[in-house]
Amino acid sequence: MRVIAGSARGRRLDTVAGWSVRPTADRVKEALFSALGSRATLDGATVLDLFAGSGALGIEALSRGARHVTFVEQDRAARLVLARNLERCGFNDRATLLSVSVRRAVEDLGRRRALFDGALLDPPYGRGLAAATLTALGQSGLLAADAWVAAEHHVDDVLADRYGGLQLTASKRYGSTALTLYSNGGERET
């Protein structure tokens with residue numbers, strides 16, 4: 001796995017061994033950031049990376065100009081790999097790593113009135129976590145008025161068109177993986 005574009009382009013990223021973390025394929029990551037690039041800017045953005053794993057999505061956002069990424073990862077082994085990847089890419093000063101569950105992170109950040117321009121989520125497949133996390137985000141107050149959310153999930157996960165203020169804007173399949181984009185108060189793309 002590697003960083004595809006931006007200031008850290010070509011840097012190799014470590015992955016986490018085992019089934020608990022499933023790295024995003026480069027072609028899916030490229031499709032995700034291409035879709036985001038046509039809808040939003042990452043330059044200067046603050047981004048929330050939920051179920052961060054090795055940090056590949058959030059690190060890609062940093063490489064492409066995000067000002068700061070808050071990574072949320074509960075698994076200790078994954079956090080160690082994520083910390084190494086941030087160090088390797090030189091992004092430690094632009095990252096915060098929270099070692100709590102996604103549910104708790106959303107609650108805690110909401111209480112602190114944190115505000116994000118975008119959110120990335122790539123939960124483990126087969127647990128219904130994509131819909132539950134989108135529901136929590138849609139009600140959290142964590143997202144700026146024009147924020148985006150990009151969800152990577154299994155194609156069998158049925159996601160709603162709306163979660164609170166989040167409105168579906170696009171969805172595409174890549175084998176058994178789907179990418180679904182939402183905007184905070186946005187219009188549906190036809």
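Applied to segment 165-172, the Karplus parametrisation 6.51 cos²θ - 1.76 cosθ + 1.60 on θ = phi - 60° returns per-residue 3J(HN,Hα) values of x, 7, 10, 4, 10, 6, 8, 8 Hz, with x for Gly and Pro.
Taking only protein heavy atoms and a 1.4 Å probe, the accessible area of the chain is 47% carbon and sulfur. Note that the chain presents 47 Å² accessible area per residue, ligands and nucleic acids not counted, probe 1.4 Å.
For the chain, a Kirkwood hydrodynamic radius built from all Cα pairs, placed in the Stokes-Einstein relation at 4 °C and 1.567 mPa s, yields a translational diffusion coefficient of 80 µm²/s.
Here the 3J(HN,Hα) profile of segment 145-155, calculated from phi with Karplus coefficients 6.51, -1.76 and 1.60 at θ = phi - 60°, is 4, 10, 5, 10, 9, 10, 10, 9, 7, 6, 4 Hz, Gly and Pro shown as x. Simple spin-label estimate for S38 and E107 gives 3.9 nm between the two label positions (7 Å along the Cα-to-Cβ direction from each Cα). Amide H contacts of V100 (H built 1.01 Å from N, in plane; Pro and chain starts excluded): E73 sit under 5 Å, all sequence-distant by 5 or more or on other chains. Helix-only mean residue ellipticity at 222 nm, the chain, DSSP H runs n ≥ 4 weighted -39,500 (n - 2.57), per residue, nearest 500. What is it? After summing the helix terms and dividing by the residues of the chain, the value is -9000 deg cm²/dmol.
If R0 equals 30 Å, the separation of the Cβ atoms of D14 and R67 corresponds to a calculated FRET efficiency of about 0.80.
The values are calculated or read from the model by the stated rules, or taken from the named source; none is laboratory data. Bear in mind that the values here come from a model prediction, so they are computed numbers and not experimental data. No Cβ is skipped: glycine too gets one built from the backbone with ideal geometry, and neighbour counts run over all protein chains shown. SASA here: full protein model, heavy atoms, side chains in, ligands and nucleic acids out. Shrake-Rupley method; radii C 1.70, N 1.55, O 1.52, S 1.80 Å.
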